[in-house]
Amino acid sequence: MISRVILCILFLPLFLSSCRTIIIRPWNTPHKLDSVETIRVYLGRAESDLILKADGTISVYDINNLLIKRAYDIVSLDARKLRAPIRFSSENPGLEYKGKKYRGEIVLVPENSGSVLVLNRVPIEEYLYSVVPSEVPAGWPEEALKAQAICSRTYAVREMIAKKESSFDVEATVNSQAYGGMQKENPRTTSAVKDTQGVLAVYEGDPIHTFFHSNSGGKTETPENLWGGKRLPYLNSVSSEFDNSGEQFLWKSNLSQDQIDQSLSSLGVGSVQSVQVLSRTPSGRVDLVEIIGSESSTKMKGKEFRNLMGASIKSLRFGIKRDSDGFLVKGMGSGHGVGLSQWGSYGMAKQNYTYAEILRHYYQGIDFARITK
């Protein structure tokens, strides 16, 4: 008994109730990166008249970190005249750009094309203060929020490694991860970020691809079935029965003839007469469909069909048939279905699963590591 207590103390990075210990090993930043403490977030391109606001003094620095200007509360400039990067910092957190306040610094980077990138350079943990509540509701169970924090942190670090030579690491939209600035922050999600500070999901020492989506409809997909490429050993198709408590577990869409004809007009098949599902992946998602029109027919991948149809097809776990007014689509789940199901995570947390158990269910065989400074 004494030896067990000593062992728990030796491996005490984080622990859970019921003495369920999580081993979290140190993770060293790859040599090609100086640090992963600060992330560069792309906010957009500057217009001719750029305005930044803050509460108090705004300091402006050149590329050599020399102070070139101080302003109070507001600063404006013609971004088209910039010939070298400059950065803005505020004595109080919250530089405002286009109505949103951001932690960290705002950096302007002129490009050879003449446009100017607007970046938010911010500590990665403070970036997550906004990302986590932008991705999932702050009122969700604590363990689900921690799971999302680790997913989002791991994703961000992978992007920083992959885009070291690029002008920025991530975008502020769902093209990367939703990032709404300080207005999105919430004490509950901030606590989840702090409670998991620096923790990554890793496989054989490398940060994993933490794909996540809203609701798998009961079973997740493998990335190679959806996007092609090589199989990732930690991303198997797994059951996700807790999805049934979430939004869009079951859904249906009624499509008029005009809607489907307009959505598929680029195919050149004429008025759509029938949509036939020809094959499915092992998880039950549509792999191949045939579109039969009044003029011709064509076959296409399920994901391409979904892209053309837009929001009316919430996932690839669907069936479609003709009805009197057009087409009836019934489906399960929302999103691409790969990796962590956010509503599945919510359901597991409601049943007292820990964040480690949640993540190891959706990303099998992974370990946890903490970023070392």
Query raised in the report: Conditions: (1) open to solvent by 70 Å² or more (accessible area, probe 1.4 Å); (2) over 17 Å from residue 320 (Cα atoms). Residue 236 meets all but one. Number of the miss?
Result: (1)
Requested in this report: All but one of (1) assigned to a strand (DSSP E or B); (2) over 21 Å from residue 167 (Cβ atoms); (3) open to solvent by 30 Å² or more (accessible area, probe 1.4 Å); (4) free of Cβ contacts under 8 Å to residues at least 60 places away in the same chain hold for residue 92, so report the exception by its number.
Outcome: (1)
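Filter the stretch 95-131 down to the residues that are among the basic types (Lys, Arg) and without any contact (Cβ under 8 Å) to a residue 60 or more places away in the chain and list them by number.
Correct list: 98 only.
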Requested in this report: Kindly establish whether residue 245 is touching a residue at least 60 places away in the same chain (Cβ under 8 Å), over 21 Å from the mean Cα position of the chain (by Cα) and open to solvent by 40 Å² or more (accessible area, probe 1.4 Å).
Outcome: yes
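Taking the options 67, 50, name whichever one is farther than 28 Å from residue 193 by Cα, open to solvent by less than 10 Å² (accessible area, probe 1.4 Å) and out of contact with any Pro (no Cβ under 6 Å at 6 or more places or on another chain).
Going through 67, 50 in turn, just one is farther than 28 Å from residue 193 by Cα, open to solvent by less than 10 Å² (accessible area, probe 1.4 Å) and out of contact with any Pro (no Cβ under 6 Å at 6 or more places or on another chain): 50.
Residue-wise test of (1) modelled with pLDDT under 95; (2) in a loop (DSSP other than H, G, I, E, B); (3) at negative phi.
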| residue | (1), (2), (3) |
| --- | --- |
| 175 | yes, yes, yes |
| 178 | yes, yes, yes |
| 190 | no, no, yes |
| 194 | no, no, yes |
| 197 | no, yes, yes |
| 202 | no, no, yes |
| 210 | no, yes, yes |
Requested in this report: Inspect the stretch 342-355 for any residue being exposed (fewer than 15 other Cβ atoms within 10 Å of the Cβ), on the phi < 0 side of the Ramachandran plot and not in a loop (DSSP other than H, G, I, E, B) and give the result as yes or no.
Outcome: yes
Query - Subset of the stretch 269-327 [part of a loop (DSSP other than H, G, I, E, B), closer than 13 Å to residue 226 by Cα and either open to solvent by 30 Å² or more (accessible area, probe 1.4 Å) or in the same structural domain as residue 215 (by the TED database) (or both)] - result: 282, 317
Query raised in the report: Out of all the residues in the stretch 219-233, which are part of a loop (DSSP other than H, G, I, E, B) and surrounded by fewer than 18 Cβ atoms within 10 Å (Cβ to Cβ)?
Result: 228, 229, 230, 231, 232, 233
Report task. Might you check whether a residue that is modelled with pLDDT of 95 or more, charged (D, E, K, R) and closer than 23 Å to residue 235 by Cα occurs anywhere in the stretch 308-320? Result -> yes
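From 213, 209, grab the single residue that is in contact (Cβ under 8 Å) with a residue 60 or more places away in the chain, closer than 30 Å to residue 26 by Cβ and in contact with a Leu (Cβ under 8 Å, 6 or more places away or on another chain).
Numbers: 213 fails: closer than 30 Å to residue 26 by Cβ.
Result: 209 is the single residue among 213, 209 that is in contact (Cβ under 8 Å) with a residue 60 or more places away in the chain, closer than 30 Å to residue 26 by Cβ and in contact with a Leu (Cβ under 8 Å, 6 or more places away or on another chain).
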Requested in this report: Would you mind finding the one in 171, 165, 204 that is in contact (Cβ under 8 Å) with a residue 24 or more places away in the chain, open to solvent by 30 Å² or more (accessible area, probe 1.4 Å) and not basic (Lys, Arg)?
Outcome: 171
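The values are calculated or read from the model by the stated rules, or taken from the named source; none is laboratory data. Here the structure is a predicted model, which means the values were calculated and not measured. Note that each Cβ is placed from the backbone with ideal geometry, even for glycine, and that neighbours are counted across all protein chains shown. Note: accessible area is taken over every heavy atom of the protein model, side chains too, but ligands, DNA and RNA are not part of it. Shrake-Rupley method; radii C 1.70, N 1.55, O 1.52, S 1.80 Å.
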